[in-house]
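**Student:** First, the structure itself, so that you have it in front of you.
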Amino acid sequence: AQEYAANQWLAITLNATVMSVNYRSGVGYGAAFRNCDGCMSKGAREYIDVREAAFVLVRAGVDRSRIGIWGLSYGGLNVLQAISRDSEMVRVGVSIAGMFNWISAKRYETDTGNPVYNADIQPALHGGW
């Protein structure tokens, strides 16, 4: 996707080392990988993959003070986990359109990927904006 061209820009413009992590619950590796136990709203276990990637960089000789993380949508949630759970691991984090409210997100989730409102999970806001 276009958004991930940022990885190339960071590498070329800032002479940065870039590691792009397809963590558990990502796309491209089948349903078991995408719908892993304890992932997303069921525990965010895929953050372990992001955290381990940072340690791989450190073991490869990258200075911790030069490690940053960015993420889009659900990746933005991983950014917030990194800077709040392991602040010594990253120097900077950028969350773009991060997902922060599981109740709102789950309210529209379906197995087909087509959004369908589910009032049982969170009632609609009354009065509008």
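**Student:** Restricting to the range 7-48, count the residues that are acidic (Asp, Glu) and over 18 Å from residue 70 (Cα atoms). It would help to see each step written out before you state the result.
**Tutor:** Going residue by residue through the range 7-48, those that are acidic (Asp, Glu) are 37, 46.
Subsequent filtering for residues that are over 18 Å from residue 70 (Cα atoms) retains 37.
So the count comes out to 1.
**Student:** Do any helices (runs of 4 or more DSSP H) lying entirely in the range 1-94 carry at least 2 residues that are open to solvent by less than 50 Å² (accessible area, probe 1.4 Å), and which ones are they? Even if it seems obvious, please write down each step before you answer.
**Tutor:** Details: elements: 5-13, 31-34, 47-59, 74-85.
In the range 1-94, 5-13, 47-59, 74-85 are the helices (runs of 4 or more DSSP H) which contain 2 or more residues that are open to solvent by less than 50 Å² (accessible area, probe 1.4 Å).
**Student:** Could you look through the range 26-59, keep only residues that are within 15 Å of the chain's Cα centre (by Cα) and aliphatic (A, V, I, L, M), and pick out the one that is nearest to residue 82 (Cα to Cα)?
**Tutor:** 50
**Student:** Tell me which of these residue 25 doesn't satisfy, since it passes every other one: (1) touching a Cys at 6+ places or on another chain (Cβ under 7 Å); (2) touching a residue at least 60 places away in the same chain (Cβ under 8 Å); (3) of a type in the set (Gly, Ala, Ser).
**Tutor:** All conditions pass for residue 25, except number (2).
**Student:** Got a number for residues in the range 41-55 being touching a helix residue (DSSP H, G or I) at 6+ places or on another chain (Cβ under 7 Å) and modelled with pLDDT under 80?
**Tutor:** 2
The values are calculated or read from the model by the stated rules, or taken from the named source; none is laboratory data. Remember, predicted model here, so these are calculated numbers, not experimental data. Glycine also receives a Cβ, built like all others from the backbone with ideal geometry; neighbour counts cover every protein chain displayed. Side chains are part of the model used for accessible areas, which takes the heavy atoms of the whole protein and leaves out ligands, DNA and RNA. Shrake-Rupley method; radii C 1.70, N 1.55, O 1.52, S 1.80 Å.
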